1. Could you tell me whether region 209-306 comes out rounded, prolate or oblate from its Cα gyration tensor? Rule is a ≥ b ≥ c as square roots of the eigenvalues, rounded for a/c under 1.5, then prolate if a/b exceeds b/c, otherwise oblate.
2. Over 32 Å, how big is the tail of the calculated P(r) for the chain, in percent of all Cα pairs?
3. Please calculate the 1.4 Å probe accessible area of Val323, with all protein chains present, and give it to the nearest 10 Å².
4. Counting every Cα pair in region 296-358, what percent are over 14 Å apart?
5. In Å², and per residue, what accessible area does the chain have when probed at 1.4 Å with the other protein chains present?
6. Just order 295-305, 142-152, 337-347, 263-273 by mean Cβ neighbour count inside 10 Å, highest at the front, would you?
7. Once phi is turned into θ = phi - 60°, what whole-Hz ³J(HN,Hα) does the Karplus curve with 6.51, -1.76 and 1.60 give for every residue of region 424-438, x standing for Gly and Pro?
8. Peptides 101-112, 385-396: what's the order by average Cβ count within 10 Å, highest mean first?
Amino acid sequence: MTARSHRLRRAALVVLLGPLALVSCTTPADEAGPGPDPAKAPSGSTARVCDKLPPGPAEAPAGAVKIDPAVPGDLAAKTRSSPPGTTFWLAPGTHKLGDDRYDQVNPKVGNVYLGGPQAVLDGRKINQYAFSGDATDVKIQNLTVRGFAAPHDEGVVNHDSADGWVIEHSAVQDNDGAALMAGARQQVRGNCLRRNGQYGMNAYAQSNKITGLVVEGNEITGNNTGDWESKIDGCGCTGGIKFWSVDGADIRGNWVHDNRGVGLWADTNNNDFRIEGNVIENNDGSALMYETSYNAVISGNTIRRNNWVDGKGYIDRGDSFPVASIYISESGGEPRVKARTDKLEISGNSFENNWNGVTLWENSDRYCNSPANTSSGSCTRLVPEQAKCAQPGIASGPLNADCRWKTQRVEIHHNRFALDPAVANCEESCARMAMLANFGTFPEWSPYKGEVVQRAITFDQGNRFYDNTYSGPWNFVGFEPSRVLGFGEWQGAPYRQDQGSKFTRAGGG
């Protein structure tokens with residue numbers, strides 16, 4: 001886990017979806033306020049599925065085992081007594097497990113759990129977990145899972161992060177902890193993940209390596225009802241979805257909104273993400289944080305009205321750091337880490353009335369084996385052994401370069417950034433784009449003290465803004481937090497950013 005503080009400044013396949021209700025990438029009809037110019041908004045549609053999920057079959061499919069809601073524990077008992085690969089049909093009604101907090105369902109390989117119309121599995125705030133164990137290739141469809149009391153950092157469905165699970169057209173809501181955990185090859189499609197105490201999904205596996213994750217067509221809303229950032233100062237442990245060390249993920253066509261905290265947060269050695277065609281709006285924190293991670297494509301998303309709560313909170317405590325709707329923290333492209341791209345590309349997105357735009361940040365004091373490395377003792381993908389990142393080796397040569405997570409090879413282009421301060425209710429310290437680092441100070445043996453990283457991120461690591469369109473009172477922060485630049489200064493020497501971009505001072509509505 002990572003600490004979130006001013007001083008450390010951390011950040012943060014196309015599949016068939018079936019019958020989903022859709023919300024377009026323009027403003028939903030039942031929301032007030034200005035939306036993006038439809039001619040400039042990303043193409044495609046995003047799922048509005050909560051309260052509109054398709055019902056499951058009204059009768060048990062041929063060969064399925066019927067689960068009776070009038071019999072407490074019927075689902076767990078029949079799972080134990082049936083062979084692998086069994087399909088279970090949960091009849092309409094509210095299903096219960098036993099009265100012990102550890103009563104749960106332990107599927108067998110290839111089991112299918114299919115809910116009938118209005119079938120609910122209710123933990124009654126007694127049971128901690130709904131579906132657990134290490135069985136692979138389990139499928140859950142058309143089922144509401146609610147009222148489970150998973151502990152902090154744990155999840156309700158696929159609690160043990162088994163591989164190959166498919167969760168479709170289901171509502172996992174009003175639980176403590178995370179609605180879902182994740183394993184390799186997990187498919188999460190067309191679901192409602194809402195009002196969970198910590199996360200909609202916690203994509204973390206202690207012993208497994210998560211690869212090939214697909215999250216598509218879901219509505220992810222109202223999560224972190226427990227307000228964990230207030231309970232554990234700087235925990236960095238909340239949001240719509242948190243990803244940890246995931247290698248290969250497609251996050252596409254989701255509606256991520258109104259979460260208390262960050263919408264989507266990739267934290268610590270993630271790689272090879274494609275985040276495309278999502279609508280990410282009205283989240284208290286950043287729409288997206290990509291932190292100490294590698295190689296991603298972020299394109300065609302509609303990103304609006306994010307960061308209002310966090311942005312105002314920073315101002316209220318006198319902190320002018322440019323918190324951003326997309327926050328890239330110690331992350332970038334790395335050709336030596338295998339992925340579908342060797343860059344971190346942010347392109348073709350529509351940003352409207354977020355507190356700020358995009359911030360590229362690198363903490364000079366945060367690297368493998370530094371006291372400021374808050375990523376649970378992790379090291380980079382290039383130097384996995386933490387002990388190597390020490391003097392004298394770290395002073396020069398390959399270790400000097402590879403013991404740092406670098407914000408490098410980031411390209412931000414062909415995006416639309418629009419902001420009207422009257423809409424965002426921000427009179428100062430908003431409407432900023434940024435590329436910066438802090439002055440390196442510690443520990444005493446650090447080879448990155450002074451302006452080393454500030455110069456690297458600003459001039460030497462291949463970070464480029466170009467061919468964007470800006471509407472509103474935008475300023476640009478370069479090199480270090482107090483260096484605020486106008487558009488002409490940002491385009492001119494020595495920064496030479498946003499070549500080919502267009503800037504108008506008018507508001508962004």
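The values are calculated or read from the model by the stated rules, or taken from the named source; none is laboratory data. Keep in mind that what you see is a predicted model, and the values were worked out from it rather than measured. Positions of Cβ are generated from backbone atoms using ideal geometry, with glycine treated the same way; all protein chains shown enter the neighbour counts. Only protein heavy atoms, including side chains, enter the accessible area calculation; ligands, DNA and RNA are left aside. Shrake-Rupley method; radii C 1.70, N 1.55, O 1.52, S 1.80 Å.
1. Note, shape of region 209-306 comes out oblate.
2. Result: 41 percent of Cα pairs exceed 32 Å.
3. Val323 has an accessible surface of roughly 10 Å² with all protein chains in place.
4. The answer is 63 percent, as a whole percent.
5. Value returned for the chain: 35 Å² of accessible area per residue.
6. Values: 295-305: 25.1, 142-152: 22.2, 337-347: 18.4, 263-273: 27.1.
The packing order, highest mean first, is 263-273, 295-305, 142-152, 337-347.
7. Along region 424-438, the couplings run 6, 6, 10, 9, 8, 6, 10, 6, 10, 10, 8, 8, 7, 8, 8 Hz.
8. Going by the mean number of other Cβ atoms within 10 Å, highest first, we get 101-112, 385-396.
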